[in-house]
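These notes are about the structure you will find just below.
The values are calculated or read from the model by the stated rules, or taken from the named source; none is laboratory data. Values in this document were obtained by computation on a predicted structure and should not be read as measured data. Methodologically, a virtual Cβ is constructed for each residue, glycine included, from the backbone with ideal geometry; neighbour enumeration extends over all protein chains shown.
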Protein chains: 2
Amino acid sequence: MKPVIVVHGGAITIVQEYAEGYRSGVKSAALRGYDVLRQGGDAVTAVEEAVVVLEDNPLFNAGHGSVLNEEGEVEMDAIIMDGKDLSSGAVSAVRCIANPIKLARLVMEKTDHVLLTCKGASLFAKSQGIPEIPGEKLITERSRERWEKNLKLASKPKGTGTVGAVAVDSQGNVACATSTGGTTNKMVGRVGDTPCIGSGGYADNNVGAVSTTGDGESILKVTLARLILHYMEQGMSVQEASDAGLNCMKTRVDGTGGVIVVNSAGEWTAKFSSNHMSWAAIKDDNLQCGIYLGENENIPVAETL
Amino acid sequence: MKPVIVVHGGAITIVQEYAEGYRSGVKSAALRGYDVLRQGGDAVTAVEEAVVVLEDNPLFNAGHGSVLNEEGEVEMDAIIMDGKDLSSGAVSAVRCIANPIKLARLVMEKTDHVLLTCKGASLFAKSQGIPEIPGEKLITERSRERWEKNLKLASKPKGTGTVGAVAVDSQGNVACATSTGGTTNKMVGRVGDTPCIGSGGYADNNVGAVSTTGDGESILKVTLARLILHYMEQGMSVQEASDAGLNCMKTRVDGTGGVIVVNSAGEWTAKFSSNHMSWAAIKDDNLQCGIYLGENENIPVAETL
């Protein structure tokens, strides 16, 4: 079947000044993932590579460019899941590595476990030869400024973005990957929805794959990714299920966010109840992309090269 | 309505020598939770107090008596959830405290977050005046012997138990609580299903509450607690939904475990696909309890006093 990739760069408010950077970031990530798929690569590798592009881009809240916790440090969460056999790997509150999504994949493939946290995740990274980098290398001027500004506020801002990808490969396998620095000025050791299976993402070849972003604590309370797949199992389309999931999160726990979804037939959607969400999708050699509600730029992949 | 409490002491193989201890442990926990409910206490307090009894009992793999990780240390996970508003609190890989379930409740009630891990969980415990205890105080001779024996084995044993409780209070509110030392000889920082919402437990007044135990990585892959509640939303009874959830886990990821479930009408069940599971339930001033398949001891609460 024809492969599909969808990526998101977080459900956040995006000011005009940064809009083009977000657009070009999600396009690059989608093109990287699509390239993997077009060469016959599997869905897991495609979502991993797409997320690495976003982790390496300092504009996005994941990897380099992650927001800072209350102590001014970067602690990151990530998850990857293979819809073929429901295998999954995740890391929470991990520090001083460039690409948490690569470590999540190693947890999935090299251990008997699904989730490693904090010091244990670092020990495992070291055992796998992943270089430790100084925490400051992940910090941008923008994330430090935001942190300093928030230190003075009484109430902390919610949801400062996440990145993610979902894909179907030519064999019909689905996968998801999500990575984040979490919420800015969060408590030390705060773990959000991202590394929690069924909340930050879920993938099942029988149904499809979801990656979520937004108010992490709200996403957890409704296990948003799994909820949307349950709606799809009950016969809803990817669009209907995404709307129903986001609506449930709004009505039950007053949370907003965004999702990208594919089903195993290759139908996909990108939906959000937040102000904005950067996203890009490629199917049939055609790239679509947007940030604002109703925005949908259409470009043949050949013209992007 | 009439309150109900159900507790479990883990889905594990229980040798004859320990059977009476497990039975008496789950009975005590259920009686403690029921006492809270009978005095008009809420479901959240009932499940917390029941789990504290099991954490304090060295026979069970939670709190005092937790199994040891590969380095011979205790790292514990716990979750609590209030079905009234889907609020939840959890801790993962926390060390050197007596009652992780109490800390999980404080995360729920005193922070904007749902899950705190490792060092961050310890910092928060300190800020709340929870005494730090030496890690060795949580270790029993039995858990150290098991750890030493497993060090010599090539493949690590799966699922070494969890404790949990679900309840409906007289107001019709449901809640769940789950607490564990995880799997014996686990990697440092391994987080299982217990603190992951939807896997180790879930509670929603619209449906019911679930606490799970067993092979943690398998429970995560099928988000067992949320899955069972989805089945109930689709019209299955608590028994049918529990069987269907455990069956899904067996067929999709070859995992075994056990669950305790109540719905918001006060119907309850305790089911397991593992060899044994210690459980106790109280409804209508009648206590039921068992360990082996088909075992169901029946005692009026008045006779236990």
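If the condition is being surrounded by 24 or more Cβ atoms within 10 Å (Cβ to Cβ), over 13 Å from the mean Cα position of the chain (by Cα) and β-branched (Val, Ile, Thr), then region B:186-213 contributes only B:VAL191.
In region A:256-287, of all residues being out of contact with any Ser or Thr (no Cβ under 9 Å at 6 or more places or on another chain) and among the hydroxyl-bearing types (Ser, Thr, Tyr), the one that is surrounded by the fewest Cβ atoms within 10 Å (Cβ to Cβ) corresponds to A:SER264. Screening region B:53-75 for residues that are touching a Lys or Arg at 6+ places or on another chain (Cβ under 9 Å) and part of a helix (DSSP H, G or I) and picking the one that is surrounded by the most Cβ atoms within 10 Å (Cβ to Cβ) gives B:GLU55. Look at region A:287-305 and say how many of its residues are among the charged types (D, E, K, R) and not in a strand (DSSP E or B). Number satisfying all stated conditions: 2.
Among the residues of region B:183-197, the ones that are charged (D, E, K, R) and either facing chain A (nearest Cβ under 7 Å) or closer than 12 Å to A:ASP112 by Cα (or both) come to 2 in all. A:GLY216 meets each of the listed conditions (1) small (Gly, Ala, Ser); (2) more than 17 Å from A:MET277 (Cα to Cα); (3) surrounded by 24 or more Cβ atoms within 10 Å (Cβ to Cβ); (4) within 13 Å of another protein chain (Cβ to nearest Cβ) apart from (2).
Where helices (runs of 4 or more DSSP H) sit wholly within region B:76-177, those with at least 2 residues that are surrounded by fewer than 22 Cβ atoms within 10 Å (Cβ to Cβ) and more than 14 Å from every other protein chain (Cβ to nearest Cβ) occupy B:141-151.
Of all residues in region B:228-255, which are away from chain A (no Cβ under 11 Å) and in contact (Cβ under 8 Å) with a residue 24 or more places away in the chain? Within region B:228-255, B:ILE228, B:MET232, B:SER237, B:VAL238, B:GLN239, B:SER242, B:ASP243, B:LEU246, B:ASN247 qualify.
Within region B:45-82, being out of contact with any helix residue (DSSP H, G or I) (no Cβ under 7 Å at 6 or more places or on another chain) and not charged (D, E, K, R) holds for B:PRO58, B:ASN61, B:ASN69, B:MET81. Selection of region B:8-52 for residues being touching a residue at least 40 places away in the same chain (Cβ under 8 Å), hydroxyl-bearing (Ser, Thr, Tyr) and not in a loop (DSSP other than H, G, I, E, B) yields B:TYR18, B:TYR22, B:TYR34. In summary, A:MET249 fulfils each of the numbered conditions (1) modelled with pLDDT under 95; (2) touching a helix residue (DSSP H, G or I) at 6+ places or on another chain (Cβ under 7 Å); (3) not β-branched (Val, Ile, Thr) with the single exception of condition (1).
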